[in-house]
């Protein structure tokens, strides 16, 4: 069955076109379902459409190569898809009020879907199956690794809200007393009238096991109204 699928998909016929489009839709569904379950910006429909569109572009390139061999370049249209799909990815990336970046994985997933769609459009079924399997492995398994790594990091980011500007000095003094290194400190004026400043701080600890203790110390600093690890 697999051999027949591969051989048929590589042919230039109506059946091969159906197989290629079906493969592209399955890829978009698989990746889109994962993004949809996590309530990300681009869901099932977006991923399916990107993958189908890429497949159509690749088949159009092959059609031109078959029927107009002297006037076409098979890789030209596919190259434009790889670079052009970036505008969709940019639309999924946002920066929150706490300077956290969201949507990078979704943008990368859209780009990967486009590449897999190109593979499906040219009939490269081995690449489609392996690429989809590795993409899903990345979304499902490496997601746990991605969440596990920050627990062992010695450098981490904090979001802080101060009662007044003078409270920042107390925060810095507390870091020195705890022998913590302040790698980066960015202060912003609160958007709420009458509220104190907010800040994003990057802190480095010598021993990662002290992170929980450090958070308790920072919460007890006079003038620090709120602190959260990003």
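Tabulated data for the structure shown
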{"quantity": "The chain - mean residue ellipticity at 222 nm from DSSP helices (-39,500 (n - 2.57) per run, n ≥ 4, rounded to 500)", "calculated": "-19000 deg cm²/dmol"}
{"quantity": "Cα→Cβ-extended label distance, 7 Å offset, between residue 7 and residue 134, nm", "calculated": "2.8"}
{"quantity": "Nitroxide proxy distance, nm - points 7 Å out along Cα→Cβ at residue 208 and residue 176", "calculated": "3.0"}
{"quantity": "Relative contact order computed over the chain (Cα-Cα under 8 Å; 6+ residues apart), in percent", "calculated": "18"}
{"quantity": "Theoretical gain in end-to-end length, residue 145 to residue 183 [0.36 nm per residue, Cα-Cα removed]", "calculated": "11.2 nm"}
{"quantity": "Residue 216/residue 33 FRET efficiency (R0 41 Å; Cβ-Cβ; nearest 0.05)", "calculated": "0.50"}
{"quantity": "Using alpha-carbon coordinates, inclination of helix 74-84 to the longest axis of the chain, degrees", "calculated": "20"}
{"quantity": "Between 0 and 90°, nearest 10: helix 125-140 axis offset from the chain longest Cα axis", "calculated": "20"}
{"quantity": "Highest-MSF residue in the chain out of 80, 62, 166 [GNM, Cα springs under 10 Å]", "calculated": "166"}
{"quantity": "Rounded tilt (10° steps) of 167-177 against the dominant C-alpha axis of the chain", "calculated": "90"}
{"quantity": "Point-to-point label distance, residue 165-residue 230, nm (Cα→Cβ direction, 7 Å offset)", "calculated": "2.3"}
{"quantity": "Computed over the chain, Kirkwood Rh from alpha-carbon pairs, angstrom", "calculated": "21.0"}
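Here, each number is a calculation from the coordinates, and none is a lab measurement. Model, not experiment: these values are computed from the prediction. Cβ: placed from backbone, ideal geometry, glycine included. Neighbour counts: every protein chain shown.
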